[in-house]
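The values are calculated or read from the model by the stated rules, or taken from the named source; none is laboratory data. Predicted model only: the values in this text are computed from it and were never measured. Virtual Cβ from ideal backbone geometry, glycine too; neighbours counted across all protein chains shown. When the accessible area is computed, the model is the full protein with side chains, heavy atoms only, and any ligands, DNA or RNA have been set aside. Shrake-Rupley method; radii C 1.70, N 1.55, O 1.52, S 1.80 Å.
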Amino acid sequence: MEFTQTNLYSLCAILLFAIGLLGFLLNSDFIRKLLGLNVIGIAIFMLLLAGANIDPSAIDPTPHAMVLTGIIVAAAGTALGLNLASKIAKFARLVQKEEASMPIEPISDNGLNESQGQR
């Protein structure tokens with residue numbers, strides 16, 4: 001296999017896709033999952049650009065336009081995801097504060113069986 005520019009871009013795209021997929025599947029934090037999805041998106045953009053350069057004499061402009069549009073959509077999706085993560089974290093902190101300020105009620109022994117209480 002000869003390492004042309006197209007083959008090298010395709011190989012890097014496959015490696016980036018695998019890294020992003022592992023990052024998405026193995027992390028439980030929402031922001032890290034979002035970062036993994038962004039890496040997967042970059043890999044797909046690289047693969048589209050590698051496919052656009054099949055014939056060096058005539059480069060197809062359609063994949064370039066699709067990638068440019070995809071970058072803008074990915075940036076908007078990332079901003080939306082980060083905003084959503086911020087709202088969820090703020091709500092979780094509010095719930096924790098409310099739970100911490102509530103008085104703790106003692107557990108009553110009314111639920112014991114009569115035979116256990118008499119010995």
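Taken as a whole, the condition of being at negative phi, of a type outside the set (Val, Ile, Thr) and surrounded by fewer than 11 Cβ atoms within 10 Å (Cβ to Cβ) applies to Ala58. Answer yes if at least one residue in segment 26-46 is surrounded by 15 or more Cβ atoms within 10 Å (Cβ to Cβ), touching a helix residue (DSSP H, G or I) at 6+ places or on another chain (Cβ under 7 Å), modelled with pLDDT of 90 or more and basic (Lys, Arg), and no otherwise. Yes, the conditions are met somewhere in segment 26-46.
Give me the residue from segment 93-107 that is assigned to a helix (DSSP H, G or I) and among the aliphatic types (A, V, I, L, M) and, out of that set, least open to solvent (accessible area, probe 1.4 Å).
Filtering segment 93-107 down to residues assigned to a helix (DSSP H, G or I) leaves 93-101.
Narrowing further to those that are among the aliphatic types (A, V, I, L, M): 94-95, 100.
Working: Leu94: 89, Val95: 50, Ala100: 84 Å².
Here the answer is Val95.
Quick check on Val67: is it of a type in the set (Val, Ile, Thr), modelled with pLDDT under 85 and assigned to a helix (DSSP H, G or I)? So Val67 fails the test.
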